[in-house]
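S.K.: Right, I'll just put the structure down here and ask away after.
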Amino acid sequence: MITHERFREVMASFPSGVVVLTAFGQDSLPRGLTVSAFCAVSLDPPLALACIDKTSNTLPAVQHAGGFTANILAAGREQLARRMATKLSDKFDGIAWRRPGSAHGGPILEDDCAAYAVCTLRDTIEAGDHWILIGNVVEGDHLVGVSPMVFSRRGYFGL
Ligand SMILES: Cc1cc2nc3c(=O)[nH]c(=O)nc-3n(C[C@H](O)[C@H](O)[C@H](O)COP(=O)(O)O)c2cc1C
């Protein structure tokens, strides 16, 4: 049986991007968290997934809104990634965001991302201590000339 620490070390050796997954809560306020577990699932239809801890305070907002936005952070946004990885209730104070076209999506952090994908929630699958959220990607863009941030072995890198 692998220990939690060894499992973390193994998975941390698979580099990923860094996503701030956002949704609007029942009070219409923005919620969000930093995730590395995000990837494409299907091209036709366009599907993407994210894995979210069952204790996340952002989950009720995703369920209420019926969707989320995956903001793929730009290089150099370590501070934002760290802030969104806290349980602070004022995480979004001072952060620029705009509403997506879809009523189901979450805030788009256009000043801080290399790309974003607005998703409507298609499936929620229970997997251990996480939920796998599968979204239909209904809107998105990438910002030409903005490099994404890479996360590996607890370090943040630019490309
Ligand atoms: C680089 C990085 C990657 C993370 N990836 C995930 C992830 O894939 N899924 C997850 O549930 N939490 C992930 N976390 C932890 C959450 O961001 C953290 O638990 C956060 O406080 C949850 O906030 P919330 O309860 O307001 O939703 C990650 C944190 C960091 C710094």
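Bear in mind these aren't lab numbers, they're just calculated from the coordinates by the rules spelled out. Bear in mind the structure is a predicted one, so any value in this text is a computation, not a measurement. Heads up, the Cβs are rebuilt from the backbone with ideal geometry, glycines too, and the neighbour counts pull from every protein chain shown.
S.K.: Just wondering, is there one or more residues in the range 138-149 that are within 16 Å of the ligand (Cβ to nearest atom) and at positive phi?
M.R.: no
S.K.: Now a separate question. Could you check the range 12-28 and list, in sequence order, the residues that are closer than 18 Å to LEU109 by Cβ, assigned to a loop (DSSP other than H, G, I, E, B) and more than 12 Å from the chain's Cα centre (by Cα)?
M.R.: Answer for the range 12-28, where residues must be closer than 18 Å to LEU109 by Cβ, assigned to a loop (DSSP other than H, G, I, E, B) and more than 12 Å from the chain's Cα centre (by Cα): GLY25, SER28.
S.K.: Can you tell which of LEU43, LEU121, LEU143, LEU80 is under 13 Å from the mean Cα position of the chain (by Cα) and either under 16 Å from SER16 (Cβ atoms) or not basic (Lys, Arg) (or both)?
M.R.: When all the criteria are applied, what remains is LEU80.
S.K.: Considering only residues that are of a type in the set (A, V, I, L, M), in a strand (DSSP E or B) and surrounded by 15 or more Cβ atoms within 10 Å (Cβ to Cβ), which ones fall in the range 29-43?
M.R.: Matches in the range 29-43: LEU33, VAL35, VAL41.
S.K.: Looking at (1) basic (Lys, Arg); (2) surrounded by 14 or more Cβ atoms within 10 Å (Cβ to Cβ); (3) in a loop (DSSP other than H, G, I, E, B), find the lone condition where LYS87 falls short.
M.R.: (2)
S.K.: Follow-up. Pull up the range 90-114, narrow it to residues that are closer than 15 Å to VAL138 by Cβ and either surrounded by fewer than 16 Cβ atoms within 10 Å (Cβ to Cβ) or not polar (S, T, N, Q) (or both), then point me to the one that is farthest from the ligand (Cβ to nearest atom).
M.R.: Looking at the filtered set, the residue picked out is GLY101.
S.K.: Any residue that is assigned to a loop (DSSP other than H, G, I, E, B), within 22 Å of VAL144 (Cα to Cα) and in contact with a Phe, Trp or Tyr (Cβ under 8 Å, 6 or more places away or on another chain) - is there at least one of those in the range 44-66?
M.R.: no
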